[in-house]
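Contents: one structure, followed by commentary.
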Amino acid sequence: MRISEYVRYDAVGLAELVAQGAVTPAELEATARGAAQAVNPRINAIVETWRADDEPTPGSTPLAGVPFLIKDIAVAMAGRRMELGSRLAAGNVSGADSSLMRRFRRAGLVTFGRTTTPEMAYSNTTEPVLYGATRNPWDLARSAGGSSGGAGAAVAAGVVPIAHATDAAGSIRIPAAHNGLFGLKPTRGRVSAGPDFDEIFNGLGVHGSVSRTVRDSAALLDQIRGPEPGDPYSAPEPSRPYAEEVTRHPGSLRIGVLTHAWGGRRTTPPVADALSRTVHLLESLGHRVAEAEVDLGAGWDEFVLANARLSTANLTASIDELAAAFDRPIAPSTLEPPTLASYDYGRRVSAAQFVTALTIRNRVARSLARYFDTHDVLLTPTLPELPVPLGSHAEDADALDGLGWLRRLFDLAPFSAAFNVAGTPAMSVPVTADAGTGLPIGMQFAAGHGLEGRLFRLAGQLEQASPWSGRTPAVWAGNHEDS
């Protein structure tokens, strides 16, 4: 299969070709490799590739035979490196598959490489010292987002139609918005993080994907959802497969709109214009849309402080474990300045402060739950501005402590973290683009606990009403002929 033909299909479409015998999984993998070789030197989204040993049965699942990439953190593949984007973990090889990796294999996905992440996934841009900066295929001078920036850039550039991603404060939705993709953060407990984690960042972190079509994300979530024995959280079983929800009518939804973020961060004019156009589209589809006031359940400074305490305390424990495992120092030679500052901050978090932060988490969850008692969906911009230039996140970062670093990240992405804290599903949808630059703009839609089906129904409707699959970035594998 030629690359120019390969990129015309989404994951479900490629699996259908495999089931029909029109192409083999090995042929698809070879084509995906060619796509990676064509674009990765320009975007630096893929750390390494390998020749996959998976032999999926054609037609056994809706994704059997599809080439796939995993993020360089939080999913372990036996015999393959997982370095967490950090010099501290360089060379780390996983001894066994994690629960999620086993589910990827059972889904029939052909995993042939891993994508970039910022160090410890602790940034919303992907510019680690270990791998170098990942570039946005729409504009190589701009960030591809984070922490799943490598996944976002690789999918947007046509290497694979869908890739693994994680999200603890927006890390699925931010790169989806930056790269013109669909990305849904599931409900807490929807996808197991086991067996080495009972929870990631005290339940703030979840697994998911970024994709070019809604049905691909739905099909993958169907394959990987459900708890493992011993998981601390679980989500209610959906009434039907998510893949079926994508084609069902969502009905007339009560949608609240939050134009400007908690904490006073103002949405820039290009994004506010895109939000206005999205509201008009929703109204034309029969939804009832109105401005909303959403009580976060905590003051913004209190919210940021609680997140900093939870996140840095978890980060500190992970860094201590890695340093002991590899007999490496916790120092500027192994960790970047923001990570090292966050480590030092986390060491000073007391047990009482940590418990208080969990109390804030509970207050936010209860407050947002009350909002969803009276509204079906909340609409916000995914981000308040267009993708920022590479390097801008790190300006004066040496002067920031762990709280200051997180405050910077939350100022750049103020709409997303609340739904990680509450544990509710939220998605970024590439409904529109900036008229001036052509850059994609993501819109975030959030729903109540366990209601991914509602979001998939709405996303499917938006995809039909305002298709985005025809928009491709400047760096696009389909522009390259096979060598």
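The values are calculated or read from the model by the stated rules, or taken from the named source; none is laboratory data. For clarity, every value in this text was computed on a predicted model and none was experimentally measured. All Cβ positions, glycine included, derive from the backbone under ideal geometry; neighbour counts span all protein chains shown.
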Given the conditions (1) among the β-branched types (Val, Ile, Thr); (2) in contact (Cβ under 8 Å) with a residue 60 or more places away in the chain; (3) crowded, with 24+ Cβ neighbours inside 10 Å; (4) in contact with an Asp or Glu (Cβ under 9 Å, 6 or more places away or on another chain), which single one is not true for Val129? (3)
Can we say Leu140 is out of contact with any Ser or Thr (no Cβ under 9 Å at 6 or more places or on another chain) and either buried (at least 22 other Cβ atoms within 10 Å of the Cβ) or closer than 30 Å to Thr437 by Cα (or both)? yes
Exactly one of these conditions fails for Ile43: (1) among the aliphatic types (A, V, I, L, M); (2) under 24 Å from Pro118 (Cβ atoms); (3) free of Cβ contacts under 8 Å to residues at least 24 places away in the same chain. Give me its number. (3)
With closer than 24 Å to Leu340 by Cα, among the hydrophobic types (A, V, I, L, M, F, W, C) and at pLDDT below 95 as the only criterion, which of Ala394, Ala413, Ala357, Ala417 stands out? Ala394
Checked segment 71-90 for anything out of contact with any helix residue (DSSP H, G or I) (no Cβ under 7 Å at 6 or more places or on another chain), within 15 Å of Thr49 (Cα to Cα) and touching a residue at least 24 places away in the same chain (Cβ under 8 Å); matches are Asp72, Arg80, Arg81, Met82
Looking only at segment 234-248, filter to residues that are in contact (Cβ under 8 Å) with a residue 60 or more places away in the chain and not in a loop (DSSP other than H, G, I, E, B); which one of those is farthest from the chain's Cα centre (by Cα)? Glu245
Being among the hydroxyl-bearing types (Ser, Thr, Tyr) and over 22 Å from Ala274 (Cα atoms) is the filter; apply it to segment 382-435 and report the residue that is nearest to the chain's Cα centre (by Cα). Thr424
Tell me, which residue of segment 208-233 that is of a type in the set (Ser, Thr, Tyr) and assigned to a loop (DSSP other than H, G, I, E, B) is farthest from Met101 (Cα to Cα)? Thr213
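Consider Asp320 carefully, then state whether it is modelled with pLDDT of 95 or more, in a helix (DSSP H, G or I), touching a Gly at 6+ places or on another chain (Cβ under 9 Å) and not small (Gly, Ala, Ser).
So Asp320 fails the test.
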